Amino acid sequence: MARPREFDEDKVLEQAMQVFWRRGYRATSLTDLLGAMQLSKSSFYGAFGTKRDLLLTALRRYAESGMAGLIAPLLQPEASRPAIEQTLAIMVKHARSAAGRRGCLVNNTLGEVAPHDATVFAATRGVLLQLEALLTVVVTRGQARGEITTKESARALARFLATTFGGLNLAAKARPDKAMLDDVVRVTLRALD
């Protein structure tokens, strides 16, 4: 009979996600993870498997959390153009913060690990496709309400927005000034007119 876990799985997963996000996959050692998660090796391996397995779990957690809350407005039941505008405002604020300089966990992993690991590639691509699908629903709703242009398909606009979100998260690593970020948001919103 297996022993019950003596730790809060959500809490230790959050700690692991933060370590991967801050340090990157390759620079994160098992010792780093064990220290942050406050687990023994046996508890770690018993609960999460390998470091790679834990990364995949952390990516799922990140996606399920609304990408650290950045896309929370888009997850509202009747989200449309105002939710896109709110999301962009949240992203600009985040990009100017110390936490924003870490970029996006999915994009970071996509750049660092995914080119060399088909399973990690599939996981990161899956998260990006989920974002695209969510944005397609939001844009479709905005188009039906007359808030967003119908000159482009909802899917094309969703892809544009998802790529813009990724670009803002990458730009955050370069510590952009607010005027630069505001320009990106202004042009993005104009594309929806």
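Rule-based calculations on the coordinates, nothing more; no lab input. In this text, all values refer to a predicted model and were calculated from it rather than measured experimentally. For neighbour counting, all protein chains shown are included, and Cβ atoms are generated from backbone atoms with ideal geometry for every residue, glycine included.
Defining a contact as two alpha carbons under 8 Å apart and six or more residues distant in sequence, what relative contact order in percent does the chain show?
Rounded, it is 22 percent for the chain.
Which whole-Hz couplings ³J(HN,Hα) result when phi for each residue of the range 107-120 is put into the Karplus expression 6.51 cos²θ - 1.76 cosθ + 1.60, θ = phi - 60°, listed in order with x for Gly and Pro?
With the stated coefficients, the range 107-120 comes to 5, 4, 5, 4, x, 8, 10, 4, x, 10, 8, 4, 5, 5 Hz.
Would you mind pulling out the separation of the Cα centroids of the range 161-193 and the range 1-61, in Å?
33
Note down the magnitude of the dipole of the range 9-63 about its Cα centre, charges +1 on Lys and Arg C-beta and -1 on Asp and Glu C-beta and zero elsewhere, to the nearest 20 debye.
Around 200 debye, computed over the range 9-63.
Could you point to the label whose value was computed as Cα Rg over 2.2 N^0.38 Å for the structure here, given (1) 1.00; (2) 1.13; (3) 1.04?
So the calculated entry is the one marked (2).
Kindly flag which residue pairs out of LYS41/LYS93; LYS11/LYS51; LYS11/LYS93; LYS151/LYS173 have an alpha-carbon separation exceeding 28 Å in this structure.
Table pairs above 28 Å Cα-Cα are LYS41/LYS93; LYS151/LYS173.
Using unit Cβ charges (K, R positive; D, E negative) and no other charged atoms, how large, in debye to the nearest 20, is the dipole of the range 69-192 about its Cα centre?
Values: 16 positive and 10 negative charges, 44 e Å.
Using Cβ point charges on Lys, Arg, Asp and Glu, the range 69-192 gives about 220 debye.
Quick check: the angle from helix 154-172's long axis to the longest principal axis of the chain, C-alpha only, nearest 10 degrees?
60
In whole Å, what three semi-axes, largest first, describe the equivalent ellipsoid of the range 79-137 built from its Cα gyration tensor (square root of 5 times each eigenvalue)? Spell out each step's value before the answer.
Details: eigenvalues 119, 64, 4 Å².
So the three semi-axes of the range 79-137 are 24, 18, 5 Å.
Which trypsin sites (Lys or Arg not before Pro) from the range 17-82 combine a DSSP loop assignment with at most 12 other Cβ atoms within 10 Å?
Working: sites: ARG22, ARG23, ARG26, LYS41, LYS51, ARG52, ARG60, ARG61; in loops: ARG26.
In loop regions of the range 17-82 (DSSP not H, G, I, E or B), the sparsely surrounded trypsin sites (Lys or Arg not before Pro) are ARG26.
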